[in-house]
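Here's the structure, in structure tokens; my notes come after.
The values are calculated or read from the model by the stated rules, or taken from the named source; none is laboratory data. All figures in this text were calculated on a predicted structure; none of them were measured in a lab. So basically every Cβ, Gly included, is an ideal-geometry build from the backbone, and we count neighbours across all protein chains shown. With ligands, DNA and RNA removed, areas are computed over all heavy atoms of the protein, side chains included. Shrake-Rupley method; radii C 1.70, N 1.55, O 1.52, S 1.80 Å.
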Amino acid sequence: MSEKIILIVGTGPGISLNTARKFGKEGFKVALISRNPESLKKYEQELQQDGITAKGFSADVASPHSLEAAIQKVIHHYGKIDVLLYNAAAGQPGKPTTLTTTQLVEDFKISVAGALTSIQQSLPYMKQGAILLTGGGLALHPYADYSSLAIGKAGIRNLAYSLHQELNEQGIYVGTLTIKGFVEENTSFSAQNVANAFYDMYEKRTDVEVMFE
């Protein structure tokens, strides 16, 4: 059986790194995309110390061209993608009336449009694959002071359901994990617990939305 590849877009030290570690320990090779090359090197080294094969690819998820180029490098290196986790999000703090349209659109590019770009680039190289999207409770219960982020989380939730309708018959699983709280270590909302929930979704391949609460 050939080794499986997970691509994580929007890599940081919390959910992304812990999910990389979880899938890596289950036998996956890990491809990481982030804007900061220095951070990617650090994550590569941390995972490699755990015996996990990992490689970073630098890209700006707000730029379709940059993101497409990075994913094509992933494909060139690994030849396929079995699981895609999109974990990038942005949200300028502030109530709706204090946001500029430019801020809202720029945040949306990262929170939602980047996910669509990642999916469109990955799908031709997926066979019976899985697409995992990091959602949030703000999609269900918006909070005025984080209105831009809430709009992004509502968008990613909507995208997950639409993708599920389109791709389910093709054997592609799409699921969003709606995290109804703040990710914080040493709590039930730890990044490690979130990572375990993502792996459980991948294994079961049943629910388009799982509530993490």
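Would you say Ser39 is among the small types (Gly, Ala, Ser), closer than 22 Å to Ala130 by Cα, modelled with pLDDT of 95 or more and in a helix (DSSP H, G or I)? Taking the combined requirement at face value, the residue does not satisfy it. On inspection, Tyr161 qualifies as surrounded by fewer than 23 Cβ atoms within 10 Å (Cβ to Cβ) and not acidic (Asp, Glu). Among the residues of this structure, Asp60 counts as one that is without any contact (Cβ under 8 Å) to a residue 60 or more places away in the chain and of a type in the set (Asp, Glu). With respect to the conditions (1) closer than 28 Å to Ser188 by Cα; (2) out of contact with any strand residue (DSSP E or B) (no Cβ under 7 Å at 6 or more places or on another chain); (3) assigned to a helix (DSSP H, G or I), Ser66 lacks only one, and its number is (1). When segment 4-36 is filtered for residues that are closer than 16 Å to Glu203 by Cα and either of a type in the set (Ser, Thr, Tyr) or outside any helix (DSSP H, G or I) (or both), the ones remaining, listed by number, are Lys4, Ile5, Ile6, Thr19, Glu26, Gly27, Phe28.
Please indicate, with yes or no, whether at least one residue in segment 200-210 is aromatic (Phe, Trp, Tyr) and open to solvent by 20 Å² or more (accessible area, probe 1.4 Å). Checked against the condition, which is being aromatic (Phe, Trp, Tyr) and open to solvent by 20 Å² or more (accessible area, probe 1.4 Å), segment 200-210 yields at least one hit. As an exercise: evaluate Leu159 against (1) closer than 29 Å to Glu26 by Cα; (2) not in a helix (DSSP H, G or I) and give the number of the one condition it does not meet. Among (1) closer than 29 Å to Glu26 by Cα; (2) not in a helix (DSSP H, G or I), the lone unmet condition for Leu159 is (2). Quick one: in segment 64-79, which of the residues that are without any contact (Cβ under 8 Å) to a residue 40 or more places away in the chain and out of contact with any Ser or Thr (no Cβ under 8 Å at 6 or more places or on another chain) is most open to solvent (accessible area, probe 1.4 Å)? Only one residue tops the list, namely His76.
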